[in-house]
Amino acid sequence: MQIEHAIADEQARHIHNNMLSITVFNFLSAIGAAALFWQPKSRLELIIWLAAMALQMLYTIYGWWVLRKNDQFSLAAARRVFHLSIRTAFISAVIWALGFYFFLPSASFVQQLTLFTSVILAGTMSVFSFGSYYPSFLAAFLPFSVAAILIMSIQRVSLPLLTGTIIFVPAMLLYAWRYTQVLLESLQLRFKNAALVVQLTTQQKQLIEQKEVAEFATLTKSRFLAAASHDLRQPMHALSLYLSALGGSHLPDSTHHLLSNAKKCAQAMDDMFSDLLDISRLDASVVEVDVKVFALATLLDQIRMEFVPQADVKGLDFKVVDCSVFVFTDPSLVERILRNLVSNAIRYTTHGKILVGCRRTDDGVRLSVYDTGAGIAYEKQQSIFEEFYQVSNPERDRKQGLGLGLAIVQRLALLLGTRLTLSSQLGRGSVFSIDLPCSSGMNIHPLPMIVPDTKQDNVLNGLLIVVIDDEVIIQNAMQSLLEQWGCIVIVATSGREAIEQLSVCARVPDVIVCDYRLRNEEIGSDVIAKLCDEFNENIPALLITGDTAPERIRALVASGFPVLHKPVQEKVLKDTLEGLVHQIRIGVMN
């Protein structure tokens, strides 16, 4: 906001804030004056005069209501406030002047003294109510005071009162002028200082202070996202479970297409929540770096296999250059960085080609993703690494994601201690690169490959699973899905209720599935521990949560239990439960 705009906003804010109170006080003062001069022969004039004052009050209140605001006035709105204040103040001053004309001829000395006092009060209140904008003050004070002097001169009121009024009026005009100038100068100085502080802050190059500010902003934003997303994850989690349960039901053929579209929507929401969770996990510093030696060729082969079909759909020439270099870093984190960069390149490139390749540097190897997309303007190249910022998505098309991909990439690069660079020109494309340390190739660790799922479909059949969640809709959805898988399900809203239901059951639970945050500040990990103590057995358990706050994530990791974040997809839930069953069988065999 420019300084002139900021000053106008403050002036308009001051006038607008005082407009209602001064209008009501003005009308009450009119009632008091009418009561003071109430006489049988002047009642009609007084009633008409009060009616005019009441209309002026209603007009002012209406204008105040129309111009009410929340944050700040635009220049146009500020001018409307100024114009309204001038009109209403002038009308009020004229009405008071007419009152002077009617009241003064029959006034006693006490009443004349009261009228003189009203001139002083009107001038003083006008300074503090309209002093921020001098024309409004003039409209409120000058017509009334000049008319009062003329009327007092014609009616030949007490000379000391007339003399005092004549001296007071110009003195008040001068005082109000100085008050306005001092106020404007202080506002100008204030906003200039604020602008200077912003400028100096922007120019600061002390990395420690910048890091503290960035960490604080990130932590605050993460807490907000955690609080906002927790409640959203609850119904989405239930929806995912219900859709999975519906998929296992016998439905008419005509509904399969609708169910498929609903699952795609749920999957899109789950992908967005996953990005939010990745940000929170990185901010919580619970992502561990597992450094090892691996061949970049294996990673590049996986990228080629995954993204060639996507590029073909858009008609892009997608090429991955072979590389025989071995690097010493975390392969899974490098894979996430490269996958995000390639995914972004395909998403924002409409024609041309995308190239993924490596080249040697003095310190190691530089892994780069080239594209022929629209490119990024220089002044926006830092902003694209901020959360939710998207250069070419002002309409917030959800098909283009949330704008968290590059924010995640930057955090992962910092976690790896590697350098992330960007080179881009509008209309010519972009190049994103990360620098990786090379290795001789000794002690090579192959990347994990995807293996076909050979698990039996009925591995969960007959298991007794206890589901503890304080949301009934989630209880019902989880029970429906688990029973489709052949499980025996007991649902409860608390640890105590679970123990009560299990007390009449002849079996020990095979698996416990518990929400992390329950009612009455009950924590899921504590509930699992109580159930294990109750049966004196180490029962396999799974925590499910919608929390993404960094401190919550750290607590979840410290609990030692496997954790799934809402909304949980059917395959993820089933694979996790089967993994717990596998642990049971290994324990029995041992």
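The values are calculated or read from the model by the stated rules, or taken from the named source; none is laboratory data. Keep in mind that what you see is a predicted model, and the values were worked out from it rather than measured. We place every Cβ from the backbone using ideal geometry, glycine too, and count neighbours over all the protein chains shown.
G579 passes every criterion in (1) within 24 Å of the chain's Cα centre (by Cα); (2) in a helix (DSSP H, G or I) apart from (1).
Looking across the range 13-39, just one residue is buried (at least 16 other Cβ atoms within 10 Å of the Cβ), free of Cβ contacts under 8 Å to residues at least 60 places away in the same chain and closer than 30 Å to A77 by Cβ, and that is F27. Of the residues contained in the range 371-386, one or more are found to be in a strand (DSSP E or B), closer than 21 Å to A311 by Cβ and modelled with pLDDT of 75 or more.
Is one or more of the residues making up the range 324-337 of a type in the set (D, E, K, R), out of contact with any Lys or Arg (no Cβ under 9 Å at 6 or more places or on another chain) and under 21 Å from L414 (Cα atoms)? Yes, the conditions are met somewhere in the range 324-337. Return yes when I465 is at pLDDT 50 or above, surrounded by fewer than 16 Cβ atoms within 10 Å (Cβ to Cβ), under 42 Å from the mean Cα position of the chain (by Cα) and assigned by TED's automatic domain parsing to the domain that holds T576 and no when it is not. Spelling it out, it is not the case that I465 is at pLDDT 50 or above, surrounded by fewer than 16 Cβ atoms within 10 Å (Cβ to Cβ), under 42 Å from the mean Cα position of the chain (by Cα) and assigned by TED's automatic domain parsing to the domain that holds T576.
Yes/no matrix, rows are residues, columns are (1) part of a helix (DSSP H, G or I); (2) within 25 Å of L460 (Cα to Cα); (3) at pLDDT below 85:
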| residue | (1), (2), (3) |
| --- | --- |
| V491 | no, yes, no |
| E497 | yes, yes, no |
| V508 | no, yes, no |
| I512 | no, yes, no |
| A529 | yes, yes, no |
| L542 | no, yes, no |
| A555 | yes, no, yes |
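Among the criteria (1) hydrophobic (A, V, I, L, M, F, W, C); (2) touching a residue at least 40 places away in the same chain (Cβ under 8 Å); (3) part of a helix (DSSP H, G or I), the one L482 does not fulfil is (2). Which one is modelled with the highest pLDDT among residues in the range 301-332 that are over 20 Å from V291 (Cα atoms) and of a type in the set (F, W, Y)? Among those residues, the one meeting the criterion is F318.
For the structure I just gave you, tell me whether P143 is modelled with pLDDT of 75 or more, farther than 26 Å from S186 by Cβ, in the same structural domain as A52 (by TED's automatic domain parsing) and surrounded by fewer than 20 Cβ atoms within 10 Å (Cβ to Cβ). So P143 fits the description; yes.
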